[in-house]
Structures are given as C-alpha cells and as structure tokens.
Amino acid sequence: MRTEASRRSILKAGLAGLVLAAGLAASAPASAQDKLTVLLDWFVNPDHAPLYVAREMGYFRDAGLEVEMIAPADPNDPPKLVAAGRADLAISYQPQLQMQAAEGLPLTRIGTLVATPLNTVVVLADGPVKSIADLKGRKVGYSVGGLEDALLGAMLENAGLKLSDVELVNVNFSLSPALLSGQVDAVVGAYRNFELNQLDIEGKAGRAFYPEEHGVPPYDELVIVANREKAADPRLPRFLDAVERGTLYLMNHPDESWKLFVKANPELDDELNRRAWRDTLPRFAHSPAALDARRYERFARFLKERELIGEVPRLADYAVELR
C-alpha cells in the first residue's frame, strides 16, 4: 500500500514540473510539434493509462503533438488552472465539472477517459453489513463532503433510510486503514479499482455497493476538460484521436501496455497497481470524444435534486463533442 509520504513526494514533484513547464513554455522557440500540457487529477495511476500508452506508442507524436502530463500539488487546482488559461487541459470528474459549470467556471468537457463511476461504498466482506439497509446506526467514513454525502444519501434513501440514520466520520483519505482498524463500519468514496485491492492485499476481502445499482444515475468518472473559450483549438481533436488510438491499443494488448506504463512510471510497478490496472481496463471510454448528452443532463438533475447546484446548466455551455 502506498504511504502518504510517498504520495506527497509524487505531488511535490508534479508541482515542480508544472512550474518548470510554465517557464519552458514562455521561453522555448516554436517547434514542428505543438506542445500541449495536461494536468492530471491526482498522482499518476492506472486511471491515466490511455494517456501514457498514447505517448509511449508515439501516437501523440504522430498527431503532431508534444504532450506533457503533470500531477498537481492540489487535486482541486487543475480545472481552475485551465479555467484561468494557465494550462491547456485537465483531467477532472463529471460531477465536479457540472458543479463548477453551475458556478460559472468557463470549462467544457471535450472527452472522456473513464466512462463509468469508480466511487463505491465499501465494507468488510466478513462484517455485519450485508446490504445498504444494514448501515443503519453505523459509522461511515468519508474523505470529502458534498458529493460523497449526496451519493451516500441517495443510496440510503433507495434502501428506505436517511443520511441521518448513519454517523459520518471524516477519515481524511485513510479509507482502507479506517475500515481495517474498525474505526468505521463502511467507507464512501472508495474506488472500486483501488481500495478493494488494497483490502485484499492486506488479507481482508471487501464488499462494494455500487452507486449506479442503488439509486444514483451513472456518470463518467474521469473527463478531459478545456477552457470553454478555447474549445475550437485545432490541437484538441488531434489529441483525442491519439487518446483513442492509445485506448484501443490498451484494449488489444493489455500486457504490452502495462510494460509501457511502468517503463514510464517505474515506481508504480507493484502488486496494487497491477491489480488496479486489470480492474480499470474495462472502464475506459472506447470512443473518448463521444458525448452522451442524456446521461449528462440526467446527472445534472440529480445534482440539483441533491442541492449541490442551484440550477441545471445548459449542456452546450460545459460539454462538447468535437468534430
């Protein structure tokens, strides 16, 4: 299991890279390849596999692009930096994008990376919680309020309970440790491709309850966002075409793709990431540029019903399908 110290080290290196990239962009002469900066949503992990496969296979180069991926020091920063015109693209989350669009941030989704939710409610398989209804009167750990509260609330209501029927405990991103230690009976915000594997590696099987099976509309987990005013940038369709090539190569050659990924990120060559790689493969968007308008509008209505946004933003203002 990766330690918090190692995560901070990776994030500090990402911030240094961002500062360096900004300096180079200001001073470097024009080259045959168009530069494009992509801010990741968190430290590098298998969720980002299509990007790294596209780079390592030369698909970005074939598209006339030099793409740099940078891990942020603060995962909240990438969309804000793109909105401020300080980066070209960011990896973000559909719910976060819709909430930021409702606040007026000039962001637009141009593509999808992970096309299913990853968020889950997780309990220990040998524990007393066998169904969502069994959470009544129990402690549920969380890391970030707002969306996680809304997802859990909807899942509880689907089982005939209310959010007030559980005790929420902020475990500050220590989801698996809090569950293993008995500090909480369940955690919300656990990723189905990571925390379940962490628990299994620690010798404890987990049981996941999936939001989309318990009253929450499905949504895209990871999306690619650009500044809305720059959606016509000719580099963006070329970028998405290369990501699509990377995704399809990944689907067809998972083992070879894993070798490419750990060649670029040798610190991730461990049991947890190997398992996460396997479990993330079926969740990538096969056609990254495609936009499911009905899905976005349905989830925006869910956010309004849960009082996370005041009004449903117009889809065309925050999501496009590039041609």
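Each of 53, 320 has its accessible area taken with a 1.4 Å probe; listed largest first, they run 320, 53. Residues whose amide H comes within less than 5 Å of that of residue 141, counting only those at least five positions distant or on another chain, are 169, 185, 186, 187, 188 (H built at 1.01 Å from N in the peptide plane).
Using the alpha-carbon atoms, what tilt in degrees (0 to 90, nearest 10) does helix 4-27 show relative to the longest principal axis of the chain? For 4-27 against the chain, the angle is about 30 degrees.
Where only DSSP H runs of four or more residues are counted, the chain gives -12000 deg cm²/dmol as its mean residue ellipticity at 222 nm, each run worth -39500 (n - 2.57). Taking the C-alpha atoms only, the angle from helix 147-158 to the longest principal axis of the chain is near 40 degrees.
Which parts of the stretch 219-259 would a label at residue 316 reach, counting a residue when its backbone N lies under 20 Å from a point 7 Å out along Cα-to-Cβ? Counting backbone N atoms under 20 Å from the label point, the list is 226-233.
When peptides 110-118, 293-301, 309-317 are ranked by their average number of other Cβ atoms within 10 Å per residue, the highest-first order is 110-118, 293-301, 309-317. Between 50, 79, 218, the Gaussian network model of the chain with springs among Cα atoms under 10 angstrom shows the greatest mean-square fluctuation at 218.
For the stretch 177-188, 3J(HN,Hα) computed residue by residue from phi via the Karplus equation (6.51, -1.76, 1.60; θ = phi - 60°) reads x, 5, 6, 5, 7, x, 4, 9, 8, 7, 9, 10 Hz, glycine and proline entered as x.
In the structure shown, the pairs 35/263; 35/259; 263/304; 80/304; 136/204 are assessed against 32 Å; a Cα-Cα span above that value is assigned to 263/304. For the stretch 215-226, backbone phi angles converted through the Karplus equation (6.51, -1.76, 1.60; θ = phi - 60°) give residue-by-residue couplings of x, 9, x, x, 8, 7, 6, 10, 10, 9, 10, 10 Hz, Gly and Pro being listed as x. Can you tell me the FRET efficiency between residue 162 and residue 229 if r is taken as the Cβ-Cβ distance and R0 is 45 Å, rounded to the nearest 0.05? My answer for the efficiency is 0.60. Here the gap between residue 136 and residue 255, fully extended at 0.36 nm per residue and compared with their Cα-Cα distance, gives a gain of 38.5 nm. Charged neighbours of residue 166, selected by a Cβ distance under 14 Å, balance to -3 (K, R count +1; D, E count -1). Across the stretch 116-132, coupling constants 3J(HN,Hα) worked out from phi with the 6.51/-1.76/1.60 Karplus curve, θ = phi - 60°, read 10, x, 10, 4, 8, 9, 10, 10, 6, 4, 8, x, x, 8, 10, 8, 4 Hz, and Gly and Pro carry x. Here the gap between residue 267 and residue 173, fully extended at 0.36 nm per residue and compared with their Cα-Cα distance, gives a gain of 31.7 nm. Rounded to the nearest 10 degrees, what's the angle between the helix 271-280 long axis and the longest principal axis of the chain, both from Cα atoms, 0 to 90? Compared with the principal axis, the helix lies near 80 degrees.
Taking amide H as placed 1.01 Å from N in the peptide plane, the amide H of residue 231 sits under 5 Å from none that are at least 5 places away or on another chain. With the charge dipole of the chain set up from +1 on Lys and Arg Cβ and -1 on Asp and Glu Cβ about the Cα centre, the Cα lying farthest toward the positive end among the listed residues 175, 205, 49 is that of 49. Here's how it looks for residue 107: its modeled amide H is under 5 Å from those of 228, which are all 5 or more places away or on a different chain.
Using alpha carbons only, the radius of gyration of the chain set against its Kirkwood radius gives Rg/Rh = 0.96.
Within the full protein context, the accessible area of residue 263 is estimated at about 150 Å² for a probe radius of 1.4 Å.
Ligands, DNA and RNA are left out, and with a 1.4 angstrom probe the accessible area of the chain is 44 Å² per residue.
Around the Cα centre of the chain, unit charges on the Cβ atoms of Lys, Arg, Asp and Glu (plus for the first two, minus for the last two) sum to a dipole of about 220 debye.
The values are calculated or read from the model by the stated rules, or taken from the named source; none is laboratory data. Since the structure is predicted, the reported quantities are computational estimates derived from the model, not experimental observations. Note that we place each Cβ from the backbone using ideal geometry, even for glycine, and neighbour counts take in every protein chain shown. The accessibility values were calculated without ligands, DNA or RNA, using every heavy atom of the protein model including side chains. Shrake-Rupley method; radii C 1.70, N 1.55, O 1.52, S 1.80 Å.
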